[in-house]
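Below is one structure, written out as structure tokens; the observations come after it.
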Amino acid sequence: MRRIVCVLLAVAVLAGCGGSPGSATDAAAVHVHDAWVKAADGGMTAAFAHLTNDSDREVRITSAATPAAARVELHEVVRDGGAATMRPKAGGIVLPARSATELTPGGDHLMLMDLTGPLTPGSDVEITATFDDGSTLPITAQVRDFPGADEHYDGGHHG
Ligand SMILES: [Cu+2]
């Protein structure tokens, strides 16, 4: 009898973890690879990474924060005419089920606004990404020299 109770308890504990290991929250479903930030003396810069969503559902990054910047915006790059312009991405960054998403120069990225200090190559920046369900994913991004990612920022202005 005691043995049966123990087994039932074990099952209850597993069920309490969501039943699907590693994807109980949106953040737990996502893995980060090769995260990096473009080196900058101040002002703004961008962070990039490879993100994989290993779950069977779409998840969405809705905000991000870092001690290295006053605030972080989620940006997309749009081409109007020849010029590439970046702007806040409406609704955040969507990571489709069972797929990889790249935050890359010329594409979606995390924009670090009003840096609190210079970001020098070789150092690390800790970024926290927050998902639609409120779960958070810590991202360690390595600072690198990079000559591109200089898209014009329209600052949300229109016209
Ligand atoms: Cu940007």
Q.
For the list (1) in contact with a Gly (Cβ under 9 Å, 6 or more places away or on another chain); (2) under 17 Å from Thr25 (Cα atoms); (3) among the β-branched types (Val, Ile, Thr), I need the number of the one condition that Val59 fails.
A. (1)
Q: Pick out the one residue from Gly122, Gly106 that is surrounded by fewer than 17 Cβ atoms within 10 Å (Cβ to Cβ), at pLDDT below 95, within 16 Å of the ligand (Cβ to nearest atom) and outside any strand (DSSP E or B).
A: Gly106
Q. Among the aromatic types (Phe, Trp, Tyr), touching a Phe, Trp or Tyr at 6+ places or on another chain (Cβ under 9 Å) and surrounded by 13 or more Cβ atoms within 10 Å (Cβ to Cβ), is that true of Phe146?
A. yes
Q: Could you look through segment 41-53, keep only residues that are surrounded by 15 or more Cβ atoms within 10 Å (Cβ to Cβ) and more than 12 Å from the chain's Cα centre (by Cα), and pick out the one that is nearest to the ligand (Cβ to nearest atom)?
A: Met44
Q: Within segment 81-102, identify whether any single residue is among the basic types (Lys, Arg) and within 16 Å of the ligand (Cβ to nearest atom), and answer yes or no.
A: yes
Q. Within segment 138-145, is there a residue that is within 16 Å of the ligand (Cβ to nearest atom) and more than 18 Å from Thr52 (Cα to Cα)?
A. no
Q.
Every residue in segment 58-73 that is within 20 Å of Ala90 (Cα to Cα) and of a type outside the set (S, T, N, Q), please.
A. Glu58, Val59, Arg60, Ile61, Ala64, Ala65, Arg71, Val72, Glu73
Q) Pick from Ala83, Ala68: which is in contact with a strand residue (DSSP E or B) (Cβ under 9 Å, 6 or more places away or on another chain) and exposed (fewer than 13 other Cβ atoms within 10 Å of the Cβ)? A) Ala83
Q: Could you list all residues from segment 125-136 that are of a type outside the set (Val, Ile, Thr) and assigned to a strand (DSSP E or B)?
A: Glu126, Ala129, Phe131
(Q) Here are the criteria: (1) crowded, with 17+ Cβ neighbours inside 10 Å; (2) touching a helix residue (DSSP H, G or I) at 6+ places or on another chain (Cβ under 8 Å); (3) charged (D, E, K, R). Tell me which single one Lys38 does not satisfy. (A) (2)
Q.
The conditions are (1) within 16 Å of the ligand (Cβ to nearest atom); (2) surrounded by 15 or more Cβ atoms within 10 Å (Cβ to Cβ); (3) β-branched (Val, Ile, Thr), and Thr62 fails exactly one of them. Which is it?
A. (1)
Q. Does Val78 satisfy being within 14 Å of the ligand (Cβ to nearest atom), exposed (fewer than 15 other Cβ atoms within 10 Å of the Cβ) and either within 12 Å of the chain's Cα centre (by Cα) or without any contact (Cβ under 8 Å) to a residue 60 or more places away in the chain (or both)?
A. yes
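The values are calculated or read from the model by the stated rules, or taken from the named source; none is laboratory data. If you're wondering where the values come from, they're calculated on a predicted model, not measured in any experiment. No Cβ is skipped: glycine too gets one built from the backbone with ideal geometry, and neighbour counts run over all protein chains shown.
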